[in-house]
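> Right, I'll just put the structure down here and ask away after.
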């Protein structure tokens, strides 16, 4: 039989099965096989599973968008649920003082972002928390510093710098034996003159927030108000506050992370 | 901020915070995908945020599949969106949907990362052989041919017009047969076949001209 048509050889290079007579010819014709091989070089180098579409979607951590925004200077932001961070201006926020918002109904998934606390299945929580911690460390978080507390964190998040200052850290939610909760914070930040760092938890809309107190570089533990639903206030935020007696957020956030499950 | 989108009214009262990020509006103001594509190409910043909202999961899923969860994958995803935004002049909404284009950019970034690792590997090997006092200048560790060829193929794919590019991408990355491609795209079978043939010839030429020499 005559040589295979060029189109058939191209399909052969894509490893499509050919009609029987084409296949038979190809098997016996060195010229046609050589043609297929030469076309196949391009096919083979991109025929890797990593390039196949579609891949199972995975939501990137909030730091990915932060990097994009920083590099492009774009001021728009994806809405919160994309990666559970929205970062509108804390300037607009009014602190709600440590008054706890209504607790979520029992068993409520809290928007699926934060692990429920006081679960009846603490083992499961720890597994999930370990996964969170693993993801956070994998995300280039600062070195994990475990304080003297021997309680395991149930959730943890890296605090990523929001400015050019080398400010970063880590926040861990711990549940003590008596059921009380605390936020353990490791802050790696330059010392300040005439200003101080303050720790907040903020809701995704960045309107309501709860101040947790003054934080110094190093490791500190902050009491979490009983009934405070971290599902509603998942953003852990470190601000720089002037010594001006104004209890509201200065609007200058230097590090932030979002607690998520 | 030059967004074409109307701001939701509850943000209208925000005083003097124009440099701060504004979340995308919700609900009825949501533009459809084609509108996002068009605005992205036009340089509307809100469209970058919307594109990220809709397709970051897809892009990151690909990056995570290639590198596992962690800094490498996050870097690929980040670089994909940064490159797509800064290179948006190359994106033509009439040539295909934005997520498909983002996927193409993501493949480039994955291939870039592989190439970088290959370079580091060679440098490390060169350092080792130098340390072992084997100064055989001519036998420096070789470039991984597939890594270099892959970059060329991806680059050439980006130069293809439609429908050639869409057809070959379905063949390469969605593993469709030419008959399935014809069915999916509505392009006649014979046309699909001749496009595939011509595209593979074009890629072969590119590799022959610019590619690493194959061992004889």
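> What percent do you get for the relative contact order of the range B:31-139 when only Cα pairs under 8 Å and 6+ apart count? Each step should come with its number before you reach the end.
Numbers: 68 pairs, mean separation 28.2, N = 109.
Taking the mean separation of contacting Cα pairs over the length of the range B:31-139, I get 26 percent.
> Now for a separate question. Taking Cα atoms of the range A:6-51, Rg/Rh with Kirkwood Rh, to two decimals?
Numbers: Rg = 11.2 Å, Rh = 11.0 Å.
With Rh from the inverse mean 1/r over Cα pairs, Rg/Rh is 1.02.
> Rounded, prolate or oblate for the range B:143-216? Axes are the square roots of the Cα gyration tensor eigenvalues, ordered a ≥ b ≥ c, and the cut-off for rounded is a/c under 1.5. Let's see the in-between values first.
Values: a/c = 2.44, a/b = 2.28, b/c = 1.07.
Since a/c reaches 1.5 and a/b is larger than b/c, the shape of the range B:143-216 is classed as prolate.
> Continuing with the same structure: No solvent, one uniform scatterer per C-alpha: report log10 I(q)/I(0) for the range B:88-212 via the Debye equation at q = 0.15, 0.17 1/Å, two decimals.
Results for the range B:88-212 at q = 0.15, 0.17 Å⁻¹ read -0.78, -0.93.
> Moving on to the next point. Extending each Cα 7 Å along its Cβ direction at residue A:29 and residue B:89, get the distance between those two points in nm, one decimal.
Placing both labels 7 Å along Cα→Cβ, they lie 4.7 nm apart.
> Same structure again: Stretch residue A:71-residue A:195 to full length: gain in nm at 0.36 nm per residue minus the Cα-Cα span? Provide the component values of the computation, followed by the final result.
Numbers: separation 124, 0.36 × 124 = 44.64 nm, distance 2.82 nm.
Residue separation times 0.36 nm, minus the Cα-Cα distance, leaves 41.8 nm.
> Please report, in cubic angstrom per residue, the volume enclosed by the convex hull of the alpha-carbon atoms of the range B:31-139. The partial results should precede the final answer.
Numbers: hull volume 13.5 nm³, N = 109.
In the range B:31-139, the Cα convex hull volume per residue is 124 Å³.
> Among B:194, A:28, what is the fewest-to-most ranking by other Cβ atoms within 10 Å? Could the numbers behind the result be given before it?
Working: B:194 14, A:28 9.
By the 10 Å Cβ count, ascending, the order reads A:28, B:194.
> Using a 10 Å cut-off on Cβ to Cβ distances, tally the other chain neighbours for every residue of B:168-175 and report the average as a whole number. All intermediate terms of the calculation are to be shown ahead of the outcome.
On the way: counts 4, 3, 1, 7, 9, 7, 3, 5.
Other-chain Cβ atoms within 10 Å of each residue's Cβ, averaged: 5.
> Between residue A:164 and residue B:185, what FRET efficiency comes out of the Förster formula 1/(1 + (r/R0)^6) with R0 = 51 Å and r the beta carbon distance, rounded to 0.05?
That gives a FRET efficiency of 0.60.
> Neighbouring Cβ atoms within 10 Å as the yardstick, rank B:193, B:116 fewest first.
Details: B:193 21, B:116 11.
By the 10 Å Cβ count, ascending, the order reads B:116, B:193.
> Would you order B:77, B:103, A:226, B:205 from fewest to most other beta-carbon atoms within 10 Å of each residue's own beta-carbon? Kindly include the intermediate steps, with their values, before the conclusion.
Working: B:77 30, B:103 21, A:226 10, B:205 13.
Listed from fewest to most nearby Cβ atoms, that is A:226, B:205, B:103, B:77.
> According to a simple spin-label model (label point 7 Å from Cα along Cα-to-Cβ), what is the distance in nm between residue A:246 and residue B:127?
Distance between the two pseudo-spin positions: 5.1 nm.
Coordinate-derived values only; no laboratory data. The shown structure was predicted, so the numbers you read here are calculated from the model rather than taken from an experiment. Backbone-built Cβ (ideal geometry, glycine too); neighbour counts: all protein chains shown.
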